[in-house]
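Following: one structure in structure tokens, then a few remarks.
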Amino acid sequence: MAEVVVGSTASSGVGTALIGVDATTVGGNDRSAVPADATAISTGPTDLKAGGTITLAAVSGKTTCMTGIVIDYHGATAASVITGLVSGGNLLVGGARVIIVPVPIGATVVPEKIIIQYDPPLVAVGTNATVTLLMDSFGAGAGVANVTVNGYQR
């Protein structure tokens, strides 16, 4: 199969046909890519500074896969380290995953965006299942915590 390059008609070499989730040029190692036979999905950004859940919704007859998480956030009144739990409505292949987020002191402090890419993607155990990220509160006085989850269904 030829590699698909978004925004171009060129194909280069042999590889899996991929389409970039964020409309970037897709190379063989581009972890934002999804299989050509899948539908790219994204939820967010959602402000989870008080904690909460963001979900890749289930679709009848389709398996949901999470390819990445983006957390664009500010600090809080007190510094802390919080966690997020990635799980699925019917569980994930290989079990739930924990992510760790350091929250700096100061609501106007803007740390680097956290970008997590899963390769291979996190896959729901079966069809018709959600994949969720449950985040702890970023703490009192947190400025903002915009979270986006990306994936695909097929």
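Every read-out reported here was derived from the displayed coordinates using simple, explicitly stated rules and does not represent laboratory data. Just so you know, these numbers come straight off a predicted model, no measurement behind them. Heads up, the Cβs are rebuilt from the backbone with ideal geometry, glycines too, and the neighbour counts pull from every protein chain shown.
Okay, here's what the table says:
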{"read-out": "Dipole magnitude of segment 43-154 about its Cα centre (Cβ charges: Lys, Arg +1; Asp, Glu -1), debye to nearest 20", "value": "240 debye"}
{"read-out": "Cβ-based charge dipole, segment 39-153, positive-most Cα from Q153, L85, V103", "value": "Q153"}
{"read-out": "Proximal charge balance of F138 [Cβ under 13 Å; K/R count +1, D/E count -1]", "value": "-2"}
{"read-out": "Virtual spin-label span in nm between S42 and I115, 7 Å along Cα→Cβ", "value": "1.2 nm"}
